[in-house]
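Worksheet: one structure, shown below.
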Amino acid sequence: MESPLQSLFGCQSAMLVMLYLFHHGELYPAGMARDMRLSCDQVQRQLDKFAFAGFLVSKRVGAKRIYEFNPEQTGIKELKRLLKAFHDALPKDEQRSLFPARERPASRRR
């Protein structure tokens, strides 16, 4: 059965992108795709859609493009409150499964 949040966003990948972004605060497409077992193309399509609508902004950090909520967008606080309600309603084991703890890359020794 489809969740109300999935119905609102239109598909599961859109819902997962927004919940993942809410949980972590920022994301880069390849990292999210790996964590969520989605294709990079699926994730990027959703990010492009939300960025075009003005809900997300991105910045370059090294070779990666990082996405985050656009604090200037009208209604972003309300959207984040809605995402928080659905995020917090998830059982803790499902949260751990959906949003694995991110690890920092190992430092390179020279």
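If I go through the stretch 9-57 residue by residue, how many of them are over 18 Å from Phe99 (Cα atoms) and in contact (Cβ under 8 Å) with a residue 40 or more places away in the chain?
Final tally of qualifying residues: 0.
May I ask you to say which residue of Arg60, Arg104 is at pLDDT below 90 and among the basic types (Lys, Arg)?
Unique residue meeting the criteria: Arg104.
Give the residue, chosen from Ala85, Ala101, that is loosely packed, with under 11 Cβ neighbours inside 10 Å, in a loop (DSSP other than H, G, I, E, B) and of a type outside the set (Ser, Thr, Tyr).
One residue alone meets the criteria, Ala101.
Can you name the residue in the stretch 88-98 that is over 20 Å from Gln46 (Cα atoms) and surrounded by 13 or more Cβ atoms within 10 Å (Cβ to Cβ) and is also modelled with the lowest pLDDT among such residues?
Once the filter is applied, the top-ranked residue is Gln95.
The values are calculated or read from the model by the stated rules, or taken from the named source; none is laboratory data. Keep in mind the model is a prediction, meaning the values are calculated, not measured. Don't worry about glycine lacking a Cβ; one is built from the backbone with ideal geometry, like all the others, and counts go over all protein chains shown.
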